[in-house]
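Please see the structure below; I have some questions.
The values are calculated or read from the model by the stated rules, or taken from the named source; none is laboratory data. Since this is a predicted model, take the numbers as computed values, not measurements. Every residue, glycine among them, receives a Cβ derived from its backbone with ideal geometry; neighbour counts consider all protein chains shown.
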């Protein structure tokens, strides 16, 4: 039975570290669909931060999806100074980055005013604002998405001192905080069976309260028949990487690909060009732009033409946790795709059937060249069928309703076990 079937719409508090609209990057895609599901069953009171000034223009649209929304600007300098206080407090820097008294006061006020007893926390950093932190009993589900502490530990391995020390510290302190938050709340949710299984191994004493729901893909929107006009100039073989380009794992991926893989491809196919398509490219990404080899587009209004007309989509991600939306979207667009093992986590795709797998530069170049030569013609169609059959928001999100209503949580845990076996 869904929450709406009960005949009463209960108030619910949703806390997001980033405004869940528009759904134009990884975490916002998930939080947007989470909001869409929750608002069909509850009166949603949303508290969120806005870290991109361009997103303020969507405020009216977002407020139309909620009963009430408290949106606060996240000033990067102020947030970074706040995070440094974590060194003194012996806590994760991430908590200080998002600490805000205004949001704490609003949460306390709206919970008391509306009698809210159901809470969804999107990302562990927002756990500091839960009503339980203020002594109010409420059924609270935390959508961690990824095991962020493991991600910071990965970062540390690819950084030199002092960042390596700082990132290792963040990984350790965040792991302690994640565990405490899970003990203080009712359920911990992740993006894939693999992420949930990792968290259960780290925290076996709360394993029975850990589950997951997969990301979905709108395959009617990401449809190769909706790719529009080609954005690429004639006479080139476009290779495309998509994603938010201020996100360090994406920066690392395109830097490595440009330096190690692309020269090997262009040695045989000099007309191959890498297009890096995504918002807010970091300085290191902009520095990669070379007229004959690499094009950095910045933000685009519609990703489908860039994916749909590319000869090959690449996901050379070396640092990752959870499911990569860029991979799912390329598969939905029936693009031949070359990925690393990291980029394929949580996606039950088979090498040479749905995607081509490569973890070193020479292997990746070889597999890209094979695709440019017309090999594996059935790859894209098989990839789209897999996404259409296995990644549906409608099938995934009801797990949240079951957890919030205290119904048969075992359903979610059976999903976890089945997904881990399948993956």
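Specify which of the listed residues (255, 315, 272, 292) is in contact (Cβ under 8 Å) with a residue 12 or more places away in the chain and exposed (fewer than 15 other Cβ atoms within 10 Å of the Cβ).
The conditions single out 292.
Sort through 200, 266 and tell me the only one that's within 22 Å of the chain's Cα centre (by Cα) and at pLDDT 95 or above.
Of the residues listed, the single one that is within 22 Å of the chain's Cα centre (by Cα) and at pLDDT 95 or above is 200.
Residues checked against (1) in contact with a strand residue (DSSP E or B) (Cβ under 7 Å, 6 or more places away or on another chain); (2) in the same structural domain as residue 303 (by TED's automatic domain parsing); (3) part of a helix (DSSP H, G or I):
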{"position": "197", "(1), (2), (3)": "no, no, yes"}
{"position": "228", "(1), (2), (3)": "no, yes, no"}
{"position": "238", "(1), (2), (3)": "yes, yes, no"}
{"position": "241", "(1), (2), (3)": "yes, yes, no"}
{"position": "245", "(1), (2), (3)": "yes, yes, no"}
{"position": "250", "(1), (2), (3)": "no, yes, yes"}
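Residues in region 105-119: is at least one surrounded by 19 or more Cβ atoms within 10 Å (Cβ to Cβ), touching a helix residue (DSSP H, G or I) at 6+ places or on another chain (Cβ under 8 Å) and closer than 23 Å to residue 79 by Cα?
Yes: one or more hits.
Looking at 263, 249, which one is surrounded by 20 or more Cβ atoms within 10 Å (Cβ to Cβ) and closer than 21 Å to residue 316 by Cα?
Just a single option satisfies the conditions, and that option is 249.
Going by the conditions given, is residue 34 in a helix (DSSP H, G or I), within 20 Å of the chain's Cα centre (by Cα), at pLDDT 95 or above and in the same structural domain as residue 169 (by TED's automatic domain parsing)?
Yes, satisfied.
Looking at this structure, is residue 178 modelled with pLDDT under 95 and outside any loop (DSSP other than H, G, I, E, B)?
So residue 178 fails the test.
Considering (1) out of contact with any helix residue (DSSP H, G or I) (no Cβ under 8 Å at 6 or more places or on another chain); (2) farther than 28 Å from residue 212 by Cα, say which one residue 342 fails and leave the rest.
The failed condition is (2).
Residue-wise test of (1) over 25 Å from the mean Cα position of the chain (by Cα); (2) surrounded by fewer than 20 Cβ atoms within 10 Å (Cβ to Cβ); (3) modelled with pLDDT of 95 or more.
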position	(1), (2), (3)
30	no, no, yes
59	no, yes, yes
67	yes, yes, yes
75	no, yes, no
83	no, yes, no
89	yes, yes, no
133	yes, yes, no
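Go through 40, 57, 9 for me and flag whichever is within 23 Å of residue 247 (Cβ to Cβ), outside any strand (DSSP E or B) and not assigned by TED's automatic domain parsing to the domain that holds residue 248.
Checking each option against the conditions leaves just 57.
Restricting attention to region 263-289, which residues are touching a helix residue (DSSP H, G or I) at 6+ places or on another chain (Cβ under 6 Å) and not in a loop (DSSP other than H, G, I, E, B)?
Those that are touching a helix residue (DSSP H, G or I) at 6+ places or on another chain (Cβ under 6 Å) and not in a loop (DSSP other than H, G, I, E, B): 264, 265, 268, 272, 274, 276, 277, 284, 285.
Further question: Could you go through region 234-246 and let me know if any residue there is at positive phi and buried (at least 21 other Cβ atoms within 10 Å of the Cβ).
Yes, that holds for at least one residue.
So that you can scan it fast, the table gives a plain yes or no per residue for (1) surrounded by 13 or more Cβ atoms within 10 Å (Cβ to Cβ); (2) touching a helix residue (DSSP H, G or I) at 6+ places or on another chain (Cβ under 6 Å); (3) not in a helix (DSSP H, G or I):
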| site | (1), (2), (3) |
| --- | --- |
| 166 | yes, no, no |
| 174 | yes, yes, no |
| 182 | yes, yes, no |
| 189 | yes, no, yes |
| 201 | no, no, no |
| 218 | yes, no, yes |
| 225 | no, no, no |
| 231 | yes, yes, yes |
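Could you grab me the full set of residues in region 7-35 that are free of Cβ contacts under 8 Å to residues at least 60 places away in the same chain and out of contact with any helix residue (DSSP H, G or I) (no Cβ under 8 Å at 6 or more places or on another chain)?
Listed by number, the residues that qualify are 7, 8, 28, 32, 35.
In region 120-164, what residues are closer than 26 Å to residue 15 by Cα, part of a loop (DSSP other than H, G, I, E, B) and in contact with a helix residue (DSSP H, G or I) (Cβ under 9 Å, 6 or more places away or on another chain)?
123, 130, 136, 137, 138, 146, 147 - these are the residues of region 120-164 that are closer than 26 Å to residue 15 by Cα, part of a loop (DSSP other than H, G, I, E, B) and in contact with a helix residue (DSSP H, G or I) (Cβ under 9 Å, 6 or more places away or on another chain).
Among what's in region 203-216 and is assigned to a helix (DSSP H, G or I) and in contact with a strand residue (DSSP E or B) (Cβ under 8 Å, 6 or more places away or on another chain), pick the residue that is farthest from residue 332 (Cα to Cα).
Taking the candidates together, the pick is 206.
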